[in-house]
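Participant: If you scroll down you'll find the structure; I have some questions about it.
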Amino acid sequence: MKKDKRLQAEAYFQDAYEILESEKVPSLTSDGKFLKPLKKAAELGNAKASFMIGYLLCTGYKNIVDVDVKKGERILSKCFEPLKKLVDEDKDYQACKFLSEYYRMPLAGHVKDDEKVEKLLKMSDDYRAAKLNIDTSFGDEPSFIADKLSSEEDGEVFDQLIAAIKSLQTDRESDHKDQLDLISHSAKSGNMRAALFLGDCYYDGRFVKKDVDLSISYYELAESLGSLKAKFNLGKIYIDGNYSHRDMVQGLNRVFLAAKGGLKEALYYLGRVYYEGKIVDKDLVKAYVYFQASFSRGYLDAESYMRKIETQKGDRAKILQLLKK
């Protein structure tokens, strides 16, 4: 397959995969936004797209297509070797994940093998992380704790905070007042991570009643203590417009400052802003720069947008010039 054709097929596949990952079921079944790019990718020879079509036919996943096991098995039989080639030659984490399904279900005449499934899924995680040279060995901590607390170590207060949050995570039926009081005290004593955590809790309504005003107060406290994530979250609240605090200029300023500080979520957000062109003028070259910066810092969702932009002929030359710098 020629390079341009392969890139185009991959872009179509990533369009479909993004919709599937977001679990927007109406989009999957009613408006063709999922199936159309998936079929185009398969027609252009994308093995991952062909696998997904075969998988849908065999399993009837989310009733996206009518079940046709025989047809699905034929497609899946033809996909196995191309997927294996993608894994062996390109270390494609998505292809690796799809291969695991042959042994999990099992599919296309393969035998169920839990060890192979586990091995392939581990390889998929490793390949995905290897692109960014990041460590995937997070241990047993809940992911949001690892994200928000891992870099701060302030002795006994930090240990108490970790214990309190662990209690919130593992015992949802208990009375959380004592733990929340401890976390609140830590925040007011200058613990940036505690303030950020409470901002998240009050914004999402997790462990406490949703209260956007209180969330903003804790985010502002965390921001004053140096939290880029709090700055970014405040920016999104001001941009969103669902609350009385709408201030587009202040919101964008905060997001830009968070991105300037290297926050991957803010870089990705700005990529989306320039990609969509709703808040600022659309600029795919700027979008690509922000997506690339976000991806290099570990925000893996940026990859699909980079691939889409790479297929846009009008901006290809400018992007290639940027990549050479």
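The values are calculated or read from the model by the stated rules, or taken from the named source; none is laboratory data. Just so we're clear, the structure is a prediction, and the values are computed from it rather than from any experiment. Note that each Cβ is placed from the backbone with ideal geometry, even for glycine, and that neighbours are counted across all protein chains shown.
Participant: Which of the residues belonging to region 73-90 are of a type in the set (D, E, K, R) and within 15 Å of Glu10 (Cβ to Cβ)?
Facilitator: Lys85, Glu89, Asp90
Participant: Out of (1) under 16 Å from Tyr17 (Cβ atoms); (2) among the hydroxyl-bearing types (Ser, Thr, Tyr); (3) in contact with a Leu (Cβ under 8 Å, 6 or more places away or on another chain), the odd one out for Tyr103 is which?
Facilitator: Of the numbered conditions (1) under 16 Å from Tyr17 (Cβ atoms); (2) among the hydroxyl-bearing types (Ser, Thr, Tyr); (3) in contact with a Leu (Cβ under 8 Å, 6 or more places away or on another chain), the odd one out for Tyr103 is (1).
Participant: Is one or more of the residues making up region 103-114 part of a helix (DSSP H, G or I), touching an Asp or Glu at 6+ places or on another chain (Cβ under 9 Å) and within 20 Å of Asp125 (Cα to Cα)? Talk me through it step by step, then tell me what you get.
Facilitator: Within region 103-114, the first condition is being part of a helix (DSSP H, G or I), and the residues that meet it are 103-104, 114.
In the following step, the residues that additionally are touching an Asp or Glu at 6+ places or on another chain (Cβ under 9 Å) were identified as 103-104.
Add one more test, that the residue is within 20 Å of Asp125 (Cα to Cα), and what stays is 103-104.
So far as region 103-114 goes, yes, one or more of its residues are part of a helix (DSSP H, G or I), touching an Asp or Glu at 6+ places or on another chain (Cβ under 9 Å) and within 20 Å of Asp125 (Cα to Cα).
Participant: Right, something else. Which one is surrounded by the most Cβ atoms within 10 Å (Cβ to Cβ), of the residues in region 257-284 that are closer than 13 Å to Tyr305 by Cβ and among the hydrophobic types (A, V, I, L, M, F, W, C)?
Facilitator: Leu267
Participant: Filter region 31-70 for residues that are among the β-branched types (Val, Ile, Thr) and assigned to a helix (DSSP H, G or I); which is farthest from the chain's Cα centre (by Cα)?
Facilitator: Step one: of region 31-70, the residues among the β-branched types (Val, Ile, Thr) are 53, 59, 64-65, 67, 69.
Then keep just the ones that are assigned to a helix (DSSP H, G or I); that gives 53, 59, 69.
Values: Ile53: 23, Thr59: 25, Val69: 32 Å.
Checked region 31-70; the qualifying residue farthest from the chain's Cα centre (by Cα) is Val69.
Participant: Go through (1) assigned to a helix (DSSP H, G or I); (2) modelled with pLDDT of 85 or more one by one and return the number of the condition Ile145 breaks.
Facilitator: Failed condition: (2).
Participant: What number goes with the only condition from (1) touching a Gly at 6+ places or on another chain (Cβ under 8 Å); (2) modelled with pLDDT under 85 that Tyr55 does not pass?
Facilitator: Of the numbered conditions (1) touching a Gly at 6+ places or on another chain (Cβ under 8 Å); (2) modelled with pLDDT under 85, the odd one out for Tyr55 is (2).
Participant: Can you list residue pairs whose Cβ atoms sit under 8 Å apart, with the first residue in region 82-104 being assigned by TED's automatic domain parsing to the domain that holds Asp114 and the second being among the small types (Gly, Ala, Ser) and at pLDDT below 90? Count only pairs 6 or more apart in sequence or on different chains.
Facilitator: Between residues of region 82-104 that are assigned by TED's automatic domain parsing to the domain that holds Asp114 and residues that are among the small types (Gly, Ala, Ser) and at pLDDT below 90, the close pairs are Lys91/Ala130; Tyr93/Ser124; Gln94/Ser124; Cys96/Ser124; Lys97/Ser124; Ser100/Ser124; Tyr102/Ala108.
Participant: Can I ask one more? Give Val255, Val280 a once-over and let me know the one that is at pLDDT below 90, over 26 Å from Gln94 (Cβ atoms) and not acidic (Asp, Glu).
Facilitator: On the way: Val255 fails: at pLDDT below 90.
That would be Val280, the only listed residue that is at pLDDT below 90, over 26 Å from Gln94 (Cβ atoms) and not acidic (Asp, Glu).
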